[in-house]
1. Would you check if Arg105 is modelled with pLDDT of 85 or more, open to solvent by 70 Å² or more (accessible area, probe 1.4 Å) and more than 18 Å from the chain's Cα centre (by Cα)?
2. Just checking, which of Glu88, Glu66, Glu76 is closer than 29 Å to Gln51 by Cβ and touching a residue at least 12 places away in the same chain (Cβ under 8 Å)?
3. List the residue pairs whose Cβ atoms are under 6 Å apart, where the first residue sits in region 11-32 and is of a type in the set (A, V, I, L, M), the second is part of a helix (DSSP H, G or I), and the two are 6 or more positions apart or on different chains.
4. Confirm whether Lys139 is open to solvent by 70 Å² or more (accessible area, probe 1.4 Å) and at pLDDT 90 or above.
5. Counting just the residues of region 36-69 that are hydroxyl-bearing (Ser, Thr, Tyr) and open to solvent by 60 Å² or more (accessible area, probe 1.4 Å), which one comes out modelled with the highest pLDDT?
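The values are calculated or read from the model by the stated rules, or taken from the named source; none is laboratory data. Nothing here was measured: the structure is a model prediction, and the numbers come from that model. FYI the Cβ positions are ideal-geometry reconstructions off the backbone, even for glycines, and counts take in every protein chain you see. Note: areas computed on protein heavy atoms with side chains; ligands, DNA, RNA excluded. Shrake-Rupley method; radii C 1.70, N 1.55, O 1.52, S 1.80 Å.
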Amino acid sequence: MMARSLKAKILVFAVFFIGIATGIFIANFYQTRVTGTREELNTGDRAQRAQRDVNKFHEYLGLNEEQRQQVNKILEETRSEFQKLRKETQPRFQAIQEESRTKIRAILTSEQRLKYDEFRRTRDERCKNRGRDSDRDHKVPNN
C-alpha cells in the first residue's frame, strides 16, 4: 500500500513537472519565434547581435587579425552591392506588389476591402518600421 502511495505521488509530481517544463518551452518558443528574439525585446540593438555573429564566424574559422579585416571589408563591399541592387529593383517589386493588391481588392466586397486595407496599412507600417533598422543592421562592424 505504501509503495502504491509513493508511486502515485511520484507520478503526480512527474506530470506536474512535465507541465511546467512544457509551459516554459512554449513560452520561450513564442517569445523567440513569434514575437522576435529576447534580445530584440530587451535591447532592440541588432548591431550588437550582428557584431556577435561576425565574431563567432571569425572564431569558428580561426581567422587572424589580418584575415578578419579582409573578411569585414568583403562583407561591407557586398552589403553595398546588395543595397544598390535593392534600390534598382525596388520600383519593379513595388509595381508587382501594387498590381497584386489591386487584383485582390477587385474580388472583395466593400466590407472586405475595408478590412483588407486596414490589414495592409498595419503590415506596411510594420515593414516600414523594420526597414528603418535594416540598413543599420547589415553593417559589418570593424574589429
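1. On the way: modelled with pLDDT of 85 or more: yes; open to solvent by 70 Å² or more (accessible area, probe 1.4 Å): yes; more than 18 Å from the chain's Cα centre (by Cα): yes.
Against the criterion (modelled with pLDDT of 85 or more, open to solvent by 70 Å² or more (accessible area, probe 1.4 Å) and more than 18 Å from the chain's Cα centre (by Cα)), Arg105 qualifies.
2. Numbers: Glu88 fails: touching a residue at least 12 places away in the same chain (Cβ under 8 Å); Glu66 fails: touching a residue at least 12 places away in the same chain (Cβ under 8 Å).
Answer to the selection: Glu76.
3. Sorted first by the residue in region 11-32, then by its partner, the list stays empty.
4. Values: open to solvent by 70 Å² or more (accessible area, probe 1.4 Å): yes; at pLDDT 90 or above: no.
Criteria not met by Lys139.
5. Step one: of region 36-69, the residues hydroxyl-bearing (Ser, Thr, Tyr) are 37, 43, 60.
Then drop every residue that is not open to solvent by 60 Å² or more (accessible area, probe 1.4 Å), which leaves 43, 60.
Working: Thr43: 47, Tyr60: 91.
Within region 36-69, the match that is modelled with the highest pLDDT is Tyr60.
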